[in-house]
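Structure first, then comments.
Since every read-out is calculated from the coordinates, none of them should be taken as a lab result. Model, not experiment: these values are computed from the prediction. Positions of Cβ are generated from backbone atoms using ideal geometry, with glycine treated the same way; all protein chains shown enter the neighbour counts.
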Amino acid sequence: SQLSSNDSLAISIKNTLRNLEKSSDDLIQFTSKINNDENVLSKLTNNPKLGKSVDSTIINIEKGVGELREIEAAAKNNFLLRGYFNKKKKEAEKQKR
């Protein structure tokens, strides 16, 4: 009984060590991929100008989306476009049913 308990403990330890070794190998592969200059993540972390450029691009996209929402809101109130938006709204309501 104690022998089987020791055997199962030994098997469990061996499995744990195998899993740790696999995790270690995976981590080594992951870090080598990050350190590869062709990797986007590596470019972002190692090139501050690129990181700032991406930040700037995201900010500009957010501003553009905000401006488009304002234009859409104004267009919905425009008497020339009101019918178009009402039609789209009715179509969306039909699809929900």
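Numbers below:
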read-out: Filter pass, GLU62 being surrounded by 10 or more Cβ atoms within 10 Å (Cβ to Cβ), within 30 Å of VAL40 (Cβ to Cβ) and out of contact with any strand residue (DSSP E or B) (no Cβ under 9 Å at 6 or more places or on another chain); value: yes
read-out: Verdict on ILE11 being under 28 Å from VAL54 (Cα atoms), free of Cβ contacts under 8 Å to residues at least 60 places away in the same chain and surrounded by 10 or more Cβ atoms within 10 Å (Cβ to Cβ); value: no
read-out: Residue check, LEU44 over 30 Å from PHE85 (Cβ atoms), free of Cβ contacts under 8 Å to residues at least 24 places away in the same chain, surrounded by 10 or more Cβ atoms within 10 Å (Cβ to Cβ) and of a type in the set (A, V, I, L, M); value: yes
read-out: Residue within segment 32-54 that is of a type outside the set (Lys, Arg), in a helix (DSSP H, G or I) and more than 30 Å from the chain's Cα centre (by Cα) present; value: no
